[in-house]
Every structure is written in structure tokens, then in C-alpha cells.
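Student: My structure is below; once you've seen it, I'll send some questions.
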Amino acid sequence: MQTTTLILLLGAMTFIAFYLGRSRSLATVGGAAKLAKLHSLPGYYGYYAAIWVLLPSLALVLLWTIVEPRVIVALIIKSLPQAEQDLSAGELNLLVNNIRNLATGDVVSGDISVLLREASVRFQELTATSRQLLVTLTLGFAVFGGAYAYRRIAPGFRARNRVEQVVSAFLIAASSIAILTTIGIVLSVLFEAIRFFREVPVTEFLFGLTWSPQTAIRADQVGSSGSFGAVPLFTGTLLITAIAMFVAVPVGLMTAIYLAEYSTPRIRAITKPILEILAGIPTVVYGFFAALTVAPFVRRAGEAIGFDVASESALAAGLVMGIMIIPLVSSLSDDAINAVPRAMRDGALALGSTRSETMLRVLLPAALPGIVGGVLLAVSRAIGETMIVVMAAGLAANLTINPLEAVTTVTVQIVTLLVGDQEFDSAKTLAAFALGLVLFVVTLGLNVIGLKVVRRYREAYD
Amino acid sequence: MAAMTESSGMDEATAAAPAVKPQAPANGKAGDGQVGRGRDAARPDKDARHSALTGRTVGQVRCENPFIVAENIDVFYGDNHAIKDVTLEIGRNQVVALIGPSGCGKSTFLRCLNRMNDSIDIARVTGTITLDGQDIYSRDLDPVVLRARVGMVFQKPNPFPKSIYDNVAYGPRIHGLAADRAELDEIVHVSLERAGLLKEVKDRLDEPGTGLSGGQQQRLCIARTIAVNPEVILMDEPCSALDPIATARIEDLIDELSANYAIVIVTHSMQQAARVSQRVAYFHLGTLVEVDETDRIFTNPQHKLTEDYVTGRIG
């Protein structure tokens with residue numbers, strides 16, 4: 001029986017269990033007229049029975065699909081002659097693959113020996129047995145589960161509480177997916193980073209002034225020993241982030257002040273959606289805007305007043321990144337200003353404040369924690385931004401604070417280190433994970449601080 | 001029972017009010033201020049009194065030595081006619097209480113007096129209001145200057161999230177009332193003193209104003225208002241968020257302040273109106289039904305609606 005058929009069958013059984021459970025609950029009290037004697041509504045008894053049919057059997061199917069291939073492979077290997085069993089892990093793996101491919105009718109590498117053919121027949125037999133066993137066990141679980149639930153249904157039985165427990169378990173599982181994924185990402189980055197730090201000392205990585213990740217491919221190669229001092233990347237990232245914030249914070253804040261306090265409803269109704277469109281433009285589009293429009297413009301403008309500007313300058317990337325962040329700053333600041341109670345505004349106005357005095361002396365100070373929190377979130381966004389800097393900032397790891405020169409950032413280097421064919425035992429590739437770890441720690445820290453500030457501020461007025 | 005039938009009759013009258021409004025008061029008696037300023041406008045007999053909501057005001061809308069004069073004020077919020085043809089005078093050094101059921105327009109009227117309704121886009125005010133003879137809705141009057149002259153205390157205490165000192169110093173600072181720090185200190189101390197708060201806070205002027213108790217916060221807001229040296233203080237249910245003891249302190253304070261300021265206070269408490277005010281104005285569904293001296297409103301109201309309200313039968 002196909003797995004889909006099995007699942008469909010289970011679905012049908014679940015439906016039946018629901019209706020059986022529901023009618024059973026009504027029957028125990030003697031009809032719908034005496035519904036009040038039931039602890040829970042009849043539907044809950046139905047759900048209870050359905051859950052008992054579905055969950056145990058589904059769990060079994062899941063477990064089976066995970067365990068079955070391993071067990072079969074182990075049995076196949078065991079049945080092979082001793083000579084084959086003594087092969088190295090790689091070769092054995094290849095052999096097993098061939099057996100499996102032969103069994104399922106895929107292309108097989110090499111000649112088909114008698115041994116291979118016998119093993120593949122065994123493989124087919126084992127798979128068929130396993131499948132039969134699975135179907136029987138699953139249906140058995142479903143029937144027994146349903147029967148167990150059916151027997152437990154009684155007027156005093158708290159079906160609703162049980163169903164709600166299951167529902168809340170599902171909700172917890174759903175919410176933990178994001179958390180578990182984060183932990184998984186952190187661990188994977190962490191382990192690769194630790195491998196990197198075995199080859200390159202932490203101090204050299206964090207304090208070294210030269211970044212040149214090319215390592216020798218052949219032992220006799222010269223000149224490419226690799227140098228993993230990440231300071232130029234950190235300064236490059238900070239430089240571009242600083243330029244971006246220099247653009248985004250004043251513009252975003254002034255936008256927010258205008259929208260929150262000065263604009264008419266009509267202007268607000270037009271401006272806000274446009275800002276949201278700005279927030280929705282893919283960063284790769286910002287990237288070629290930066291590389292093709294802004295960077296040449298910056299270069300020409302710089303040359304016109306006698307500066308020597310690199311064609312891929314930190315300034316161009318920072319400017320465009322700042323524009324990208326404006327909506328974030330303005331909408332978070334707008335929220336913060338609007339969250340200041342109307343009573344504050346009225347109080348200030350009633351004392352004879354002008355609009356600007358109200359804004360500068362009352363609303364902004366009151367909203368400042370929220371605004372600071374928003375800016376911190378924007379900074380962490382800027383640090384983690386990749387596409388714009390990949391396209392506009394360049395790859396040269398210059399240690400400079402001159403915004404007219406080309407710099408490179410942590411994210412750009414991660415991209416260049418991991419694009420293309422990689423060997424995962426070289427420091428060059430592993431360096432990406434170390435950089436990723438640094439990036440993760442910094443942005444996580446900023447986010448935590450930012451959210452904390454925002455939350456503390458919210459508590460002040462609610 | 002009587003009240004029930006009366007109020008249902010009143011609803012019909014309300015629905016018909018715009019049509020009937022200008023002509024013929026209910027029984028020909030001229031209780032409204034249009035006739036004369038004197039107190040001698042004939043009072044109707046008990047049995048022939050006003051009972052319908054006609055849009056005319058009974059009692060004395062005029063007063064001696066008026067400081068604020070509101071003439072024929074209408075306020076619209078969009079299509080909603082919130083205040084209908086209200087005329088009222090408020091004297092110097094007088095406490096006028098505005099009473100009436102919720103939504104009757106008393107707060108709206110109060111907010112007309114310092115143009116706080118300007119900040120509501122859909123609000124439109126017609127009629128004239130003069131402050132000491134000067135039209136406050138005229139084009140060349142800056143609402144900012146007006147609000148410095150007409151202070152306001154709100155229903156919920158709303159101290160700024162600043163120190164106690166800075167809360168009181170806020171107004172003098174923005175209006176440049178103090179030449180130096182010493183002068184500012186003086187203003188802050190005097191204002192807190194007059195608001196009856198100085199003793200409690202003088203050792204912690206640097207602490208945030210939001211950390212005070214509700215009653216103290218409200219007195220801080222009063223101190224903040226009088227620090228600007230206004231001529232009129234508007235109070236919008238200043239005690240509704242306070243306990244009885246804090247309320248009593250505010251009421252004492254209103255009494256003291258009335259020596260120097262004209263005070264207009266909106267209140268839901270009849271007792272409070274009786275205790276603090278010299279005159280009472282009763283609003284009903286956007287209409288000023290009756291204005292008179294406080295004693296007379298509470299002991300011998302001329303309008304049936306006023307009587308029902310002050311005796312607790314409606315509202």
C-alpha cells in the first residue's frame with residue numbers, strides 16, 4: 001500500500017472516530033436533551049476520539065520513515081560476505097547505494113555482479129515486508145487508539161481539557177520551531193567557527209590588520225599563505241553603517257516628526273504607503289541602484305571638486321543603505337511619537353506651547369527611548385545588510401576611514417568566501433563562519449538592547 | 001414615573017428642536033439673556049415653568065463685570081452639532097461650574113475658551129468669544145498667546161515625564177517669563193506653594209513628576225498652569241480621577257485661586273459644583289439649558305430638566 005493511501009485511510013478513520021465519539025457522548029447521557037449532564041460539548045468528545053486515532057498512528061509512520069532505511073541497510077550489510085563487510089566506509093557506502101539503485105531500478109555504476117543482484121533482491125524483500133508491517137501496525141494503532149478513546153467517553157470525562165492540552169502542545173511546538181532553528185543555526189556556525197579558530201588564533205582574527213583569505217591550494221604554491229585579520233572588515237562595516245545611519249536617522253526622524261505632528265491626514269495617507277513601498281524594495285534592487293547610479297554620481301561629484309573617489313566607494317553604498325533604512329527609522333519613530341499619550345500633547349498645548357515646542361520639549365523627550373530602540377534595530381539591520389554592499393562597496397579590504405575609498409564588509413566577505421566551489425577543510429572557507437559568528441553576536445546584542453529599550457519605554461505609559 | 005414620561009417627551013422635543021428653536025420660548029417668559037442683563041427678568045411660577053428643550057437658556061447668562069463673553073457659540077464635529085447656540089458670560093474672580101450629563105457638550109464648550117478644539121481637524125466653531133473684550137477667534141490672535149492667558153487643567157493628571165521642577169518651569173521657560181535661574185526658582189516655588197504642593201515636594205524637586213500620587217500630580221498640573229500666570233483657569237473634571245481627600249484639597253485650592261483667577265470648572269459632582277462655584281451652567285444635549293447663581297440652581301431651578309438633573313432624576 002502506498003503511503004498516500006495509508007494517510008488517506010487514516011484521515012477517513014479520523015473522521016469516523018470524530019462522529020463516533022460525538023454520538024457516543026450523546027448516547028451516554030441519553031440524547032441531546034440532557035446535554036447539560038456532559039462535562040464538555042459533544043464535539044470535544046469527537047475531537048478526543050479523533051486525536052487518539054490520528055496522533056499515535058502518525059507518530060508511528062514518522063518514526064518508521066526515519067528508522068526503516070537504516071535498519072534495512074544494516075540488515076543488508078550483515079548479509080553480505082565478510083570480504084565486502086570489511087571494505088572501507090566510503091566503498092561500503094558506494095556498494096549499498098548500488099544495491100539500492102538496482103532494487104529501485106535506477107542507474108547502477110559498474111558491473112552487476114551476482115552478489116549485487118542477490119543483495120538487491122533481498123533489499124526489495126525487506127522493503128516489502130517493512131511496508132506491510134508498517135501498514136498493519138499503523139492501522140492497528142489507529143483502531144486501538146480509537147477504541148481506547150471510545151471506551152473512556154463518559155458523562156464525567158473531561159474531554160475538553162484533554163483536547164485543549166493537545167492543542168496547546170501543538171501551539172508550543174509551533175512556537176518552538178523558530179527558537180530551535182535559531183539554536184541550530186547558532187550551533188552550526190559555532191562549530192565551524194571553532195574549527196576555524198583551531199587553525200587561526202582568535203587574537204589574530206579579532207585584532208589582525210590584514211585580510212587576505214587566499215590560501216595555497218598546492219603545497220608548492222607561494223605567496224598565498226592567507227591572512228585572517230578581520231579588523232579591516234570591521235572598520236569597513238562600521239564605516240558604511242555609520243554613513244547609513246548618518247543619512248537614515250535625521251531623515252527618518254524628521255519624516256516621523258512631520259508625519260506624526262505636522263502633516264494633514266491627506267498627506268499622511270499618501271506619504272506612509274510610499275514609505276512602505278520603499279521598505280518593500282528588494283535590497284538587490286537598491287544594490288544596482290547604488291552600483292550603477294549613485295556610485296558613478298558620487299565619483300563624478302567628488303572629482304568635480306577635486307577629490308579622488310574610488311568607483312566603488314563606501315560613501316555610495318552607505319548613502320543607498322541609509323535610504324533603505326529610512327522607512328524603518330521613520331515608522332518606528334512615528335510609532336514612538338504617536339504612543340506618547342494625547343494628554344501630554346494637550347497639556348503642553350494648553351500651557352501655550354507652539355507645535356515645535358511641544359514636539360521638541362515634550363513629545364520627543366517622552367518618545368526618545370522608543371526612538372533610540374528603533375535606531376538600534378536599524379543599526380543591526382545596516383550591519384547585516386549584504387546585497388547593497390556586495391554590489392556597491394567592493395571587495396578590497398582597505399583599513400581606512402575615508403568614505404571615498406573602497407572598503408569591504410563582513411557580509412560581503414562571507415558571500416565571497418562561500419560563493420562557488422568550496423573545500424570545507426580550508427581556513428578560507430571556515431573564516432566565513434567565524435565572520436558569521438561575529439556578525440550574529442553583534443546584531444543579536446543590538447537587537448536585545450534595542451528591544452529592551454523599546455519595551456521599557458512601552459511600560460511607562462500602559 | 002413622572003420623570004420617565006417627562007424624559008420621553010423631552011426626546012421628541014430634542015428631535016424637533018432645530019425647527020422650533022428661534023421662536024417663542026415655551027411659555028412666553030423671557031428667561032434667556034437676550035432680554036436683559038438684570039436679575040429681574042420675570043421668573044416663571046412653579047406651575048408654568050420651562051420643561052422642554054427649546055434651545056433657549058433660562059436664568060442669567062449675563063453677569064456683572066464679565067471677563068469672558070461667549071455669544072451664540074455653535075460647535076460642529078464634522079456633521080455632529082455638538083454645541084447649539086450657547087451664550088454665556090463669565091465674570092472676573094468668579095468660579096463657574098458647568099454641569100450636565102455625559103456628552104452634553106460642557107467639555108467641548110470649555111475647550112472653545114482656550115481654542116484647544118483647534119487641534120481637532122473636524123471641529124468647527126462659530127459665534128464669538130471675547131476675553132477681556134478681545135475676540136479670541138480673530139485671525140490676528142495667536143492661540144499660543146491665548147493659551148498662556150487661559151490655562152487648563154485636565155481630567156486625568158498629565159504631568160510631563162520630567163522632574164517636578166521642570167514640569168512647573170516648562171511654561172515660564174517657553175514664554176521667557178524668568179530672566180535667570182533665581183527668578184525661575186522663585187516662580188517654581190511660588191507656583192508650587194500656591195498649588196499647596198510645595199511642602200510635600202520641596203526636597204525632591206529633581207524627582208520625576210510622574211512618581212507623585214494622583215492628587216499630587218493634579219496639584220502639580222495646577223502649579224504648572226499657574227506658573228504661566230494666566231488670567232483664567234479652565235478645569236475639565238479635575239477631581240474625577242482622585243480620591244475624596246485629594247478632591248477636598250483641590251476644592252480648597254480652587255477656592256483660594258478664585259481670588260486671582262476666573263475659573264471655569266466642568267464637573268460631574270453636584271456637591272462639588274455647589275461647594276466651589278458661584279454660578280452654575282446646566283448643559284443638556286449641546287444646549288445651555290439654565291445658568292444661574294449656584295444657590296438658585298440647586299434650590300430653585302427654573303427649568304424642569306435642570307431640576308431633574310440636580311435632584312438626580314436624570315443624568
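The values are calculated or read from the model by the stated rules, or taken from the named source; none is laboratory data. Everything numeric here is computed off the predicted structure, so don't read it as measured data. Counting neighbours? That spans all protein chains shown, and the Cβs are built from the backbone with ideal geometry, glycine included.
Student: Could you go through region B:203-222 and let me know if any residue there is among the acidic types (Asp, Glu) and within 24 Å of B:Leu110 (Cβ to Cβ).
Tutor: Within region B:203-222, none of the residues are among the acidic types (Asp, Glu) and within 24 Å of B:Leu110 (Cβ to Cβ).
Student: For region A:326-344, enumerate the residues that are at the interface with another protein chain (Cβ under 7 Å from one of its Cβ atoms) and either at pLDDT 90 or above or crowded, with 19+ Cβ neighbours inside 10 Å (or both).
Tutor: A:Met344
Student: Which residue is farthest from the other protein chains (Cβ to nearest Cβ), if the candidates are limited to region B:178-190 and must be at pLDDT 90 or above and in contact with a helix residue (DSSP H, G or I) (Cβ under 7 Å, 6 or more places away or on another chain)?
Tutor: B:His189
Student: I'm checking my understanding of the structure. Among residues of region B:149-158 that are under 18 Å from A:Met344 (Cα atoms) and in contact with a Pro (Cβ under 8 Å, 6 or more places away or on another chain), which one is nearest to the other protein chains (Cβ to nearest Cβ)?
Tutor: Looking at residues that are under 18 Å from A:Met344 (Cα atoms) and in contact with a Pro (Cβ under 8 Å, 6 or more places away or on another chain), I get B:Asn158.
Student: Going residue by residue through region A:164-176, is there one that turns out to be part of a helix (DSSP H, G or I) and touching a Gly at 6+ places or on another chain (Cβ under 8 Å)?
Tutor: Looking for residues that are part of a helix (DSSP H, G or I) and touching a Gly at 6+ places or on another chain (Cβ under 8 Å), one finds none in region A:164-176, hence no.
Student: Right, another one. Within region B:191-215, work out how many residues are of a type outside the set (Gly, Ala, Ser), within 22 Å of B:Val95 (Cα to Cα) and either within 14 Å of chain A (Cβ to nearest Cβ) or free of Cβ contacts under 8 Å to residues at least 60 places away in the same chain (or both).
Tutor: So the count comes out to 3.
Student: Would you be able to say whether some residue in region B:140-148 is at the interface with chain A (Cβ under 9 Å from one of its Cβ atoms), touching a residue at least 40 places away in the same chain (Cβ under 8 Å) and not in a strand (DSSP E or B)?
Tutor: yes
Student: I would also like to ask the following. Can you say whether B:Pro161 is crowded, with 17+ Cβ neighbours inside 10 Å, within 13 Å of chain A (Cβ to nearest Cβ), under 30 Å from B:Arg62 (Cβ atoms) and at pLDDT below 90, as far as the supplied structure shows?
Tutor: No; evaluated as a whole, the condition is false for this residue.
Student: Run B:Asn260 past the list (1) over 13 Å from the mean Cα position of the chain (by Cα); (2) assigned to a helix (DSSP H, G or I) and report the number of the one that doesn't hold.
Tutor: (2)
Student: A further question on this structure: Which members of region A:55-102 meet the condition of being of a type in the set (S, T, N, Q), over 18 Å from A:Glu118 (Cα atoms) and over 30 Å from the mean Cα position of the chain (by Cα)?
Tutor: Hits for region A:55-102 are A:Ser57, A:Ser88.
Student: Under the condition of being buried (at least 23 other Cβ atoms within 10 Å of the Cβ) and among the hydrophobic types (A, V, I, L, M, F, W, C), which residue from region B:164-174 is farthest from the other protein chains (Cβ to nearest Cβ)?
Tutor: B:Ile164
Student: Still on this structure, please answer the following. For A:Lys78, indicate whether it is under 30 Å from A:Phe123 (Cβ atoms), in a helix (DSSP H, G or I), of a type in the set (Lys, Arg) and without any contact (Cβ under 8 Å) to a residue 40 or more places away in the chain.
Tutor: When the stated conditions are applied, A:Lys78 passes them.
Student: Something else: Within region B:216-239, which residues are at positive phi and within 12 Å of another protein chain (Cβ to nearest Cβ)?
Tutor: Once the filter is applied, which keeps residues that are at positive phi and within 12 Å of another protein chain (Cβ to nearest Cβ), region B:216-239 yields only B:Asn229.
Student: Does B:Ala246 satisfy being in contact with a Gly (Cβ under 6 Å, 6 or more places away or on another chain) and assigned to a helix (DSSP H, G or I)?
Tutor: Taking the combined requirement at face value, the residue satisfies it.
Student: Pick from A:Asp346, A:Asp334: which is among the acidic types (Asp, Glu), within 30 Å of B:Asp166 (Cα to Cα) and free of Cβ contacts under 8 Å to residues at least 24 places away in the same chain?
Tutor: It is A:Asp346.
Student: Within region B:85-96, is even one residue surrounded by fewer than 22 Cβ atoms within 10 Å (Cβ to Cβ), assigned to a strand (DSSP E or B) and not β-branched (Val, Ile, Thr)?
Tutor: Yes - at least one qualifying residue is present in region B:85-96.
Student: Suppose we filter B:Leu253, B:Leu205 for residues that are crowded, with 18+ Cβ neighbours inside 10 Å, hydrophobic (A, V, I, L, M, F, W, C) and over 18 Å from the mean Cα position of the chain (by Cα); which single one remains?
Tutor: From the options B:Leu253, B:Leu205, the qualifying one is B:Leu205.
Student: If you check A:Gly352, A:Gly347, A:Gly370, A:Gly394, which single one turns out to be modelled with pLDDT under 85, within 14 Å of chain B (Cβ to nearest Cβ) and surrounded by 19 or more Cβ atoms within 10 Å (Cβ to Cβ)?
Tutor: A:Gly370
Student: A further question on this structure: Tell me whether region A:216-234 contains one or more residues that are of a type in the set (Val, Ile, Thr) and modelled with pLDDT of 85 or more.
Tutor: Yes.
Student: Could you tell me whether A:Leu364 is crowded, with 22+ Cβ neighbours inside 10 Å, in a helix (DSSP H, G or I) and within 13 Å of chain B (Cβ to nearest Cβ)?
Tutor: So A:Leu364 does not fit the description; no.
Student: Could you please find all residues in region A:27-60 being within 30 Å of A:Leu133 (Cβ to Cβ) and either in contact with a Lys or Arg (Cβ under 6 Å, 6 or more places away or on another chain) or without any contact (Cβ under 8 Å) to a residue 24 or more places away in the chain (or both)?
Tutor: The answer is A:Tyr48, A:Ala59.
Student: Quick one: in region B:117-139, of everything that is surrounded by fewer than 17 Cβ atoms within 10 Å (Cβ to Cβ) and part of a loop (DSSP other than H, G, I, E, B), which residue is farthest from the other protein chains (Cβ to nearest Cβ)?
Tutor: The selected residue is B:Gly133.
Student: Let me ask another. I need the full set of residues from region A:134-161 which are polar (S, T, N, Q) and more than 38 Å from the chain's Cα centre (by Cα), in order please.
Tutor: A:Thr136
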